[in-house]
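Novice: The following block contains the structure, expressed as structure tokens.
The values are calculated or read from the model by the stated rules, or taken from the named source; none is laboratory data. Remember, predicted model here, so these are calculated numbers, not experimental data. Here Cβ is always computed from backbone atoms with ideal geometry, including for glycine, and neighbour counts include all displayed protein chains.
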Amino acid sequence: MSLVRLWRAGVLHCLLWLLLSVLHADSHPQCLDYKPPFQPQEPLLFCKEYAKFGCCDLEQDKQISYRFDQIMDYFDHSGFMVCGKYIRSILCQECSPYAAHLYDAEDANTPMRELPGLCRDYCSDFWHHCRYTLSLLTDNNITATIEEDHDKFCDFLELKDPEYCYPNVLASDELNANLGSVKSDPKGCIQLCLQEVANGLRNPVAMVHANDGTHRFFIAEQLGYVWVYLPNGSRIDRPFLNLTKAVLTSPWAGDERGFLCIALHPRFSVVKKAYVYYSVSVNKQERIRISEFLLSSMDMNMLDHSSERTLLEVVEPASNHNGGQLLFGLDGFLYIFIGDGGKAGDPFGKFGNSQNKSTLLGKALRIDVDNNDDGAPYSIPSDNPFIGEKDSKPEIYAYGVRNMWRCSIDRGDPITGQGQGRMFCGDVGQNKYEEVDMIEIGGNYGWRAKEGFSCYDKKLCLNSSLDDILPIFAYPHKLGKSVTGGYIYRGCEMPNLNGLYIFGDFMSGRLMSLKENTDTGNWDYTEICMGRDKTCRFPKLINSYYKYIISFGEDEAGELYFLATGTPSAASRGGVVYKIVDPSRRAPPGKCSIKPSPVQIKGKLIQFHPKEEFVINKKPTTTAPPKTKATTIPSTTRFQATTRKPTTASPRILTQKPKVSRPTQKPRTPTKKPQTPAPKPTLKPLMTTVLRRNQSPTGALQPLNSQSTTVRPQYITTLKVRSETTPRRTPPPTTLRPSTKQPHTYWTASITATTTRPVYWTSASMKTSQPTDRPRKRGRGRGRKNGQRRGKGGRRRHRSELVRLVSPDPNRSDRGRVEIFVRGEWGTVCDDLFDYKAATVVCKQLGFARALRVAKPAEMGRVATNLRILLDDVECEGTERTLLHCKHATFGQHNCSHAEDVGVVCSSEEEHAVK
């Protein structure tokens, strides 16, 4: 029997612990506008306890003070002395960093409390001394019925969570430790969140801005497209640049060739030039080409494609190690980072290309592209370090680099300017180490003599004349095998991140950070992990991302982003752009507001729709987080990798389900204070009607409501959050099959069912081509076959909206290139935005149970040259009757080639589709 009792007690204890875990999962610092707390720009004068960190600025503090004075006008001196402290404390909870929890406002879709939640013992004191003042704090008519009943009174005001109710929330060491600092887990991993900014991209390799006041940003795809995005997240349908016909790349995963970078002139609004870095094939010889383009005189969102001027071409001995970075320094010169030529170990020549200054491979170059309209495409800056050195290329700024991937310029501290102009690069390693370097003029960065801090070529490594510059940080391949350089955060919105160098690893998906120790000059390493649901429960935030981190970028305001994909192929639309968000502290309201300059749009805008489910919309779970083993790496002095252990938490990639953290200790049980009788405070007999909240002293009195209502403070803005429940799709791996000479087999379907038109068709911002549903009169004669109608002369003609799959294999009716019949002709569909939901529409129209995947054009053989591309930018919900009922570009308008014709693979089986 004793064992049974112990078992029952254990079960009850576990259930209680799980319940508290769920309650605490929703509790975190948050304001009534559903955003993180902040430090006011000016000190508060009334709610002074929240002057350093809270949810009120000086204007809100003044409004609370004014309301307090209104209420105090009803009290004489004794009443003021007894009740003033209670009323002030209750009013000031709007400024508490935990205001959202105290007011039950953490979910924007649920009602908010009118008064903050009190602890039971504090409520008892309030009831005992000042119970009749409740009607001055609220418009709720229930106050008259509960003032005399202690239990009803405190049931109305009490917050059941004993840790988060007022005033216990102020006394909790766990809740107030490092309040407002960047959150970290017990292992030291910094917990940040993300906001999805763009999706559906094909290996997004670069993100830049124009620095012209428009706050546009430009995203380049490896295929050769560059797209313009506006500050509201919408994309212009016409590409800023289209070099797909010239760019050398392939759809195979891991191909390092392609369009690799773009840089806009630092005075782009005046100079109107852009510079690009891409792979080309010239007479079957692979090269790197650096070109200059002029902005179109007709469209501020498009380059003049006929204006290309080649600045530089470098022959590539192999197809890897292409480098791929362009950027302008604060000196106005263009910096170019080129890889060592490929293969492994830089096997070219006696010392390798990187140590050979007579070649441009394995170097950082610096050139002057100003005032070049009438003469040479560029000139050499007069202080380039190797101008007078024999057999050295004058363009060289630094050498000894292997394959630098993503570099950035430090904007400098926004107040002191410290660090401004420093250049950071990630240099991909060979077999053991990845490194981060700070680029200096004339510097030798050691490759191939050294890899990170260790020797790679021992003979070269022992050469005393090497005089190489060591990296500021290096990490072993057990943490990652391909570094992606990042940025030092200097934006406005996340003050805690100022000075933090954030970077990642392409292969492992790790996000990492370095912080400079100004005393020692060393850089301290801390891993970044995704905040759990409790940490990221803010509107529009997510806590997972695709694994392959391709690049980082800044917007015009200095906010930081990274670009990642689920399938590292130039043909896969799995690319997403994420904004990095610190949920622990934000800038004060109004400090970071921007007013973008107007942008003249030609064409149409494609509105952004996030695909990942917001954390705030996720259902709570009590599943325990996975356990991982700790990993150690060397220390981070100038001669070692790091001085602290990395976190054990793995990056939150999209295949992981978010877990809810559990409390580290039991909730504190409040102790009841002994109650002593107190005199009832005296109210001034000024007027018989009670002044209600949010009413000015001179305004008309509000009539009492006949039922209980909840009134929010007037200056609190309710944020309406759009619920996104569609899970993110991991793109299928790209597979190419050789085309065959067999005749194509056509599989068509007719329309027999009807589906209600989706609501989003009413969007005014996107013009779509819509089918007409007018009733057709039935002619005399015999019934017609399904899917056909008679044309002139009695000839049968196909009905619009038919779809068929064209396959080179006549025995495979379940797959093929998608062709659709519209306005009397068959045509193809471009794969832009075409996803699994659109494939589902096609497969169900053809009578299949479901879609397996979206297929690539190469699987479907060559297309007939007489067919047009009829549909582009197709976006479906999966329930539409045909593709014409989905959102799509205007019929016949597209920016595709037949190499982008989409195909689908269907299945008759009913089991759940594997995306």
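Novice: So for segment 437-451 (the condition being closer than 27 Å to Glu554 by Cα, assigned by TED's automatic domain parsing to the domain that holds Asp331 and not in a loop (DSSP other than H, G, I, E, B)), does at least one residue qualify? Break it down stepwise before answering.
Specialist: The first filter runs over segment 437-451 and keeps only residues closer than 27 Å to Glu554 by Cα, leaving 437-441, 443, 445.
This time we only want the ones that are assigned by TED's automatic domain parsing to the domain that holds Asp331, so: 437-441, 443, 445.
Then keep just the ones that are not in a loop (DSSP other than H, G, I, E, B); that gives 437-438.
Among the residues of segment 437-451, at least one is closer than 27 Å to Glu554 by Cα, assigned by TED's automatic domain parsing to the domain that holds Asp331 and not in a loop (DSSP other than H, G, I, E, B), which makes the answer yes.
Novice: Over 24 Å from Glu493 (Cα atoms), at pLDDT 95 or above and either buried (at least 21 other Cβ atoms within 10 Å of the Cβ) or touching a Leu at 6+ places or on another chain (Cβ under 8 Å) (or both): is that true of Ile71 in this structure?
Specialist: No; evaluated as a whole, the condition is false for this residue.
Novice: State all residues of segment 88-116 that are within 19 Å of Glu147 (Cα to Cα) and surrounded by fewer than 21 Cβ atoms within 10 Å (Cβ to Cβ); if no residue qualifies, say none.
Specialist: Once the filter is applied, which keeps residues that are within 19 Å of Glu147 (Cα to Cα) and surrounded by fewer than 21 Cβ atoms within 10 Å (Cβ to Cβ), segment 88-116 yields Arg113, Glu114, Leu115.
Novice: Out of all the residues in segment 576-594, is one or more under 27 Å from Lys245 (Cα atoms) and in contact (Cβ under 8 Å) with a residue 12 or more places away in the chain? Before you say what the answer is, go through the steps one by one.
Specialist: Filtering segment 576-594 for residues under 27 Å from Lys245 (Cα atoms) gives 576-577.
Next, only the ones that are in contact (Cβ under 8 Å) with a residue 12 or more places away in the chain stay: 576-577.
Yes.
Novice: I'm trying to understand the selection: among the residues of segment 341-372, which are more than 21 Å from Gly329 (Cα to Cα) and without any contact (Cβ under 8 Å) to a residue 12 or more places away in the chain?
Specialist: Step one: filter segment 341-372 for residues more than 21 Å from Gly329 (Cα to Cα), giving 341-359.
Passing the criteria: Pro347, Gly349, Lys350, Asn356.
Novice: Grab the strands (runs of 3 or more DSSP E) fully contained in segment 280-360, keeping just those with 1 or more residues being in contact with a Pro (Cβ under 8 Å, 6 or more places away or on another chain) and aromatic (Phe, Trp, Tyr).
Specialist: Working: elements: 285-295, 303-315, 325-328, 334-338.
Strands (runs of 3 or more DSSP E) meeting the threshold: 325-328.
Novice: Still on this structure, please answer the following. Quickly run through segment 126-144 and pick out the residues that are farther than 19 Å from Met72 by Cβ, modelled with pLDDT of 90 or more and either of a type in the set (Ser, Thr, Tyr) or surrounded by fewer than 21 Cβ atoms within 10 Å (Cβ to Cβ) (or both).
Specialist: Applying the first criterion (farther than 19 Å from Met72 by Cβ) to segment 126-144 yields 127-128, 140-142, 144.
Those left that are additionally modelled with pLDDT of 90 or more: 127-128.
Passing the criteria: only His128.
Novice: Here's something else I'd like to know. In segment 543-570, what residues are more than 24 Å from Cys492 (Cα to Cα), of a type in the set (S, T, N, Q) and assigned to a loop (DSSP other than H, G, I, E, B)?
Specialist: Those that are more than 24 Å from Cys492 (Cα to Cα), of a type in the set (S, T, N, Q) and assigned to a loop (DSSP other than H, G, I, E, B): Thr567, Ser569.
Novice: Applying the selection to segment 437-473, what residues are of a type in the set (Gly, Ala, Ser) and surrounded by 19 or more Cβ atoms within 10 Å (Cβ to Cβ)?
Specialist: Taking segment 437-473 as the starting set, the residues that turn out to be of a type in the set (Gly, Ala, Ser) are 442-443, 446, 449, 452, 454, 464-465.
Within segment 437-473, Gly443, Gly446, Ala449, Gly452 meet the criteria.
Novice: Which condition from (1) buried (at least 21 other Cβ atoms within 10 Å of the Cβ); (2) closer than 22 Å to Arg510 by Cα; (3) hydroxyl-bearing (Ser, Thr, Tyr) is the one that Ser184 breaks?
Specialist: For Ser184, the exception is condition (1).
Novice: Determine, yes or no, whether Leu179 is more than 32 Å from the chain's Cα centre (by Cα), assigned to a loop (DSSP other than H, G, I, E, B) and in contact (Cβ under 8 Å) with a residue 12 or more places away in the chain.
Specialist: Working: more than 32 Å from the chain's Cα centre (by Cα): no; assigned to a loop (DSSP other than H, G, I, E, B): yes; in contact (Cβ under 8 Å) with a residue 12 or more places away in the chain: yes.
Answer is no for this residue.
This table checks each residue for (1) on the phi > 0 side of the Ramachandran plot; (2) without any contact (Cβ under 8 Å) to a residue 60 or more places away in the chain; (3) crowded, with 24+ Cβ neighbours inside 10 Å; (4) aliphatic (A, V, I, L, M).
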| position | (1), (2), (3), (4) |
| --- | --- |
| Gly521 | yes, no, no, no |
| Asp524 | no, no, no, no |
| Met530 | no, no, yes, yes |
| Asp533 | no, no, no, no |
| Arg537 | no, no, yes, no |
| Leu541 | no, no, no, yes |
| Ser551 | no, no, yes, no |
| Ala557 | no, no, no, yes |
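Novice: Could you identify the single residue in Arg267, Arg257 that is in the same structural domain as Thr214 (by TED's automatic domain parsing) and touching a strand residue (DSSP E or B) at 6+ places or on another chain (Cβ under 8 Å)? Give the derivation first.
Specialist: Values: Arg267 fails: touching a strand residue (DSSP E or B) at 6+ places or on another chain (Cβ under 8 Å).
Of the residues listed, the single one that is in the same structural domain as Thr214 (by TED's automatic domain parsing) and touching a strand residue (DSSP E or B) at 6+ places or on another chain (Cβ under 8 Å) is Arg257.
Novice: Right, here's the next one. Kindly indicate whether Asp151 is more than 38 Å from the chain's Cα centre (by Cα), assigned to a loop (DSSP other than H, G, I, E, B) and either in the same structural domain as Cys92 (by TED's automatic domain parsing) or under 21 Å from Leu32 (Cα atoms) (or both). Spell out how you get there, then give the answer.
Specialist: Numbers: more than 38 Å from the chain's Cα centre (by Cα): yes; assigned to a loop (DSSP other than H, G, I, E, B): no; either in the same structural domain as Cys92 (by TED's automatic domain parsing) or under 21 Å from Leu32 (Cα atoms) (or both): yes.
In short, no.
Novice: Something else: Please work out if Lys515 is part of a strand (DSSP E or B) and among the basic types (Lys, Arg).
Specialist: Working: part of a strand (DSSP E or B): yes; among the basic types (Lys, Arg): yes.
For Lys515, the condition - part of a strand (DSSP E or B) and among the basic types (Lys, Arg) - is met.
Novice: Could you tell me which numbered condition Gly324 fails, if it satisfies all but one of (1) buried (at least 17 other Cβ atoms within 10 Å of the Cβ); (2) within 27 Å of Asn384 (Cβ to Cβ); (3) without any contact (Cβ under 8 Å) to a residue 40 or more places away in the chain?
Specialist: Unmet condition: (3).
Novice: Grab the helices (runs of 4 or more DSSP H) fully contained in segment 52-103, keeping just those with 2 or more residues being more than 44 Å from the chain's Cα centre (by Cα) and in contact (Cβ under 8 Å) with a residue 60 or more places away in the chain.
Specialist: On the way: elements: 58-72, 77-91, 99-102.
Counting at least 2 such residues, we get 58-72, 77-91.
Novice: Do we find that Gly480 is part of a strand (DSSP E or B) and either among the aliphatic types (A, V, I, L, M) or at pLDDT 95 or above (or both) in this structure? Break it down stepwise before answering.
Specialist: On the way: part of a strand (DSSP E or B): no; either among the aliphatic types (A, V, I, L, M) or at pLDDT 95 or above (or both): yes.
Judged against the criteria, Gly480 is not a match.
Novice: For segment 227-262, which residues satisfy the criterion of being of a type in the set (A, V, I, L, M) and surrounded by fewer than 22 Cβ atoms within 10 Å (Cβ to Cβ)?
Specialist: Start the filter on segment 227-262 by keeping residues that are of a type in the set (A, V, I, L, M), which leaves 228, 230, 236, 241, 243, 246-248, 253, 260, 262.
Within segment 227-262, Leu230, Ile236, Ala246, Leu248, Ala253 qualify.
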